[in-house]
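As structure tokens, the structure follows; a few thoughts come after it.
The values are calculated or read from the model by the stated rules, or taken from the named source; none is laboratory data. The model shown is predicted, which means the values in this text are computed figures rather than measured ones. Quick reminder, even Gly has a Cβ in these numbers, built from the backbone with ideal geometry, and neighbours come from all protein chains shown. Just so you know, the surface numbers come from the protein's heavy atoms only, side chains and all, with ligands and any DNA or RNA stripped out. Shrake-Rupley method; radii C 1.70, N 1.55, O 1.52, S 1.80 Å.
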Amino acid sequence: MSAAFVVDASMAFAWILPSQSSSAAEALLKRVEEGDEIVVPPLWFLEVANGLLAAERRKTIAAPERRLALERLSGLALTIDEAHARDAFGRTSALAEQYGLSVYDAAYLEVAIRRNLPLGTRDRALRSAARRSGIPPFDH
């Protein structure tokens, strides 16, 4: 039986950058490769692309590695949840204020709450906000 998860950019970096890897990230990627669904807001693509470019500029990865990472991530079956974008001034901003998050991080939380899905993140504040709002983080 397949499941669905919301994932933020930090989880994508854990899948791609050896320095960010974790057993939880690897377990989630394995599940995705076996058919579980990843749900992301449109912001995810911008955050991941920007983070990988920043890693290249810091010389953490080389240009060919960045391009390979983008190609690998492009191959994942992703469900793009566009519904939250118009609510950035409403519910998403309210969640950011309530939990002390950036509006960007609150976008992931909003999707997880609205769809009642676990949230895969390496960000402590976002993980804590998910728990406090009743959303289980992906822990293994």
Q: First compute the accessible area of the chain with a 1.4 Å probe, then give the percent of it belonging to carbon and sulfur atoms.
A: 52 percent
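For the chain, what is the calculated [θ] at 222 nm in deg cm²/dmol (nearest 500), taking -39500 (n - 2.57) for each run of four or more DSSP H residues and dividing by its residue count? Walk me through the numbers before you get to the answer.
Values: 7 runs with 77 residues, N = 140.
Dividing the helical sum by the residues of the chain leaves -16500 deg cm²/dmol.
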Q) Amide H to amide H under 5 Å from GLY120: which residues, 5+ apart in sequence or cross-chain, H placed 1.01 Å off N in plane? A) VAL6, VAL7, ASP8, PHE138
Q | With eigenvalues of the C-alpha gyration tensor scaled by 5 and rooted, the chain, Å | A | 24, 17, 14
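Name the longest site-free stretch of the chain, where the excluded sites are trypsin sites (Lys or Arg not before Pro) in a DSSP loop with no more than 10 other beta-carbon atoms within 10 Å.
On the way: sites that count: ARG58, LYS59.
Longest run free of exposed loop sites: 60-140.
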Q. Counting other Cβ atoms within 10 Å, which chymotrypsin sites (Phe, Trp or Tyr not before Pro) in the stretch 62-140 have at most 15 and lie in a DSSP loop?
A. PHE89
Q. What is the set of long-range amide H partners of GLU37 at a cut-off below 5 Å, with H atoms built 1.01 Å from backbone N?
A. ALA3, ALA4, PHE5
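Per residue, how much accessible surface does the chain expose to a 1.4 Å probe? Answer in Å², no decimals. Please report the intermediate quantities before stating the final value.
Working: 7580 Å² over 140 residues.
Accessible area per residue, the chain: 54 Å².
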